[in-house]
Amino acid sequence: MFRNMKLSGKLLFAFVPVFLLLIGDSYYLTNQQQEEAMLEQAKTSAIQKAQIVRESLVQQMVEKYKIEDSFLDRLQRVGGLKDLYIRIKLDNLKLMEDIIEDDPNRSTRLMARERFAMAKGETGNEVFSDGIARFVNREADDALEAIVPFRAEKKCRSCHEVEVGHVLGVAHIQIPLSDIRQAIVKNSQFNALVSVGFAIIMLAIGFFFYRSLIQKPIKNLVAATEAIGQGNMSHEMDVQPSNDELGVLMQSFDKMRKALKQSQEALRTSTVGQIAQSLIRDFRAPMRQILIATDQMEKGDVDLATQKQLATTTRDSVATMNKMAQDLLDFTSGDLRINKMSCNVSAVVKYVGDAVRQDLERDMVRLQVDQNYSGSAPLDYERISRALINIINYSVNYIPPGGQITLSSSTENKNLIFKISDNGNGIPKTYQDRIFEPFVKVAAERGLGLSLALAKKIIEIQGGRIDLTSEEGKGTSFTITMPLA
């Protein structure tokens with residue numbers, strides 16, 4: 001189906017899936033890239049918010065030596081932080097004794113906060129030991145949880161007996177991702193729609209340029225090719241005055257058409273002249289015989305026997321002219337019809353022998369017939385007989401008086417073989433490749449020089465072939481191979 005589609009359909013069939021695949025890949029890759037960027041931004045935002053929380057808690061400690069729960073609630077609401085809580089370990093805080101004594105309820109609140117953090121699970125405990133922030137993607141909550149350590153600074157040592165960099169606590173901060181994901185999806189869908197729109201626009205522009213720059217010139221070339229194929233060399237092309245590949249091709253094609261037209265006209269003139277020359281030269285001899293016979297009969301002083309001889313000469317001359325005219329008509333006709341049917345090969349050979357025997361005897365050439373196959377074969381009886389007669393008549397031109405022609409039939413490899421051989425002078429080697437061309441005369445051949453050309457055409461149109469073997473001084477052999485099936 002694809003092979004029989006027009007070029008525009010093939011291009012559309014090929015490029016549309018590619019465009020869709022590219023748009024799909026672009027949508028997927030863009031979405032992936034934006035999600036990765038979103039996670040990186042969320043991590044950065046979480047660390048920044050953790051620092052804000054840390055600074056706020058430090059400031060709260062500096063001012064009030066304690067962190068009020070109301071302050072954490074307010075910080076969570078104002079900062080837009082989801083499920084913010086501080087994970088602490090009393091052993092890591094190392095508060096100074098005077099601070100603990102100043103607020104007797106501090107230890108109770110800290111222990112309550114530690115139990116709350118432990119109830120949340122073990123996630124984040126490892127941050128106390130290595131001090132490295134962790135990030136956990138909470139798919140159930142569609143949020144990113146950042147676990148950020150609070151490291152001690154110099155000012156922390158006013159309340160805590162720790163070294164700088166010691167992990168005092170860990171902040172758990174969840175950054176909601178649902179809004180960001182929705183924005184990413186909307187942005188990806190918008191980009192996909194834009195890509196589809198651009199793809200449609202590009203296809204429309206490409207189709208427009210294809211119609212004007214490719215399809216139209218190709219249609220002109222196809223029309224010109226079909227016209228030239230039908231023999232119309234006068235077909236005018238709409239040649240595009242451009243220097244691109246198609247423009248150069250059309251200009252070259254039009255130059256070729258004009259050159260072919262000139263060659264055709266020259267060949268037609270040459271062929272007509274050649275045919276006229278052959279007709280005049282070859283018709284001259286039989287016409288001369290007719291004129292001589294007519295002149296003698298007009299005088300009226302010839303006896304009955306001479307009149308019969310003159311009548312026979314006239315009749316033979318007319319038959320010769322008719323044969324030459326028929327050869328010319330058959331060869332130049334573009335409609336050489338073949339009617340193949342089951343024919344008796346013996347009958348074909350007998351008919352050919354009877355048809356040529358009288359002329360051969362007149363030229364003092366013997367005919368020997370060897371029928372080694374008497375079965376049937378699919379042949380056009382009239383045409384194959386005509387071809388064999390033409391070959392025998394041609395061979396006579398190279399056989400001196402007293403020579404012999406042998407016509408035989410046989411089979412080989414499911415093929416019917418006709419062989420016409422003689423013991424004449426042979427055909428010069430320089431002419432052996434040309435004797436099947438029309439109007440080629442090597443010897444003083446009687447006729448127009450179409451005998452072998454017409455015979456070859458008849459044989460090949462029936463699926464057969466003709467081969468030549470000739471040696472000067474030893475004779476010539478024509479082998480005709482016809483399929484039995």
Please go through (1) at pLDDT below 65; (2) under 60 Å from the mean Cα position of the chain (by Cα) for LEU144 and return the number of the only condition it doesn't satisfy. (1)
Which of the residues that make up the stretch 340-357 are among the polar types (S, T, N, Q) and either within 15 Å of LYS419 (Cα to Cα) or modelled with pLDDT under 85 (or both)? SER346
Checking GLU265 against (1) at pLDDT 70 or above; (2) loosely packed, with under 14 Cβ neighbours inside 10 Å, only one condition comes out false. Which one? (1)
Can you confirm whether the stretch 165-187 contains a residue that is assigned by TED's automatic domain parsing to the domain that holds GLN34, loosely packed, with under 13 Cβ neighbours inside 10 Å and more than 59 Å from the chain's Cα centre (by Cα)? yes
VAL222 fails exactly one of (1) under 28 Å from VAL18 (Cα atoms); (2) modelled with pLDDT of 70 or more, namely (1)
If I ask for residues that are under 18 Å from THR479 (Cα atoms), surrounded by fewer than 15 Cβ atoms within 10 Å (Cβ to Cβ) and more than 46 Å from the chain's Cα centre (by Cα), which ones from the stretch 375-412 would you list? SER410
Which members of the stretch 19-44 meet the condition of being surrounded by fewer than 16 Cβ atoms within 10 Å (Cβ to Cβ), modelled with pLDDT under 75 and more than 29 Å from VAL196 (Cβ to Cβ)? none
When restricted to ILE280, ILE228, the only residue surrounded by 14 or more Cβ atoms within 10 Å (Cβ to Cβ) and either within 30 Å of ASN322 (Cα to Cα) or at pLDDT 70 or above (or both) is ILE228
Quick check: anything in the stretch 211-218 touching a Ser or Thr at 6+ places or on another chain (Cβ under 8 Å) and at pLDDT 75 or above? no
Test ILE435 against the stated conditions and say whether it is modelled with pLDDT of 80 or more, assigned to a loop (DSSP other than H, G, I, E, B) and of a type in the set (A, V, I, L, M). yes
If GLY121 satisfies all but one of (1) exposed (fewer than 14 other Cβ atoms within 10 Å of the Cβ); (2) at pLDDT 80 or above; (3) outside any helix (DSSP H, G or I), what's the number of the condition it fails? (2)
Based on this model, can you work out whether GLU245 counts as at pLDDT below 70, acidic (Asp, Glu) and surrounded by fewer than 16 Cβ atoms within 10 Å (Cβ to Cβ)? yes
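The values are calculated or read from the model by the stated rules, or taken from the named source; none is laboratory data. Just so you know, these numbers come straight off a predicted model, no measurement behind them. Using ideal geometry, Cβ is built from the backbone for each residue, glycine included, and neighbour counts are taken over all protein chains shown.
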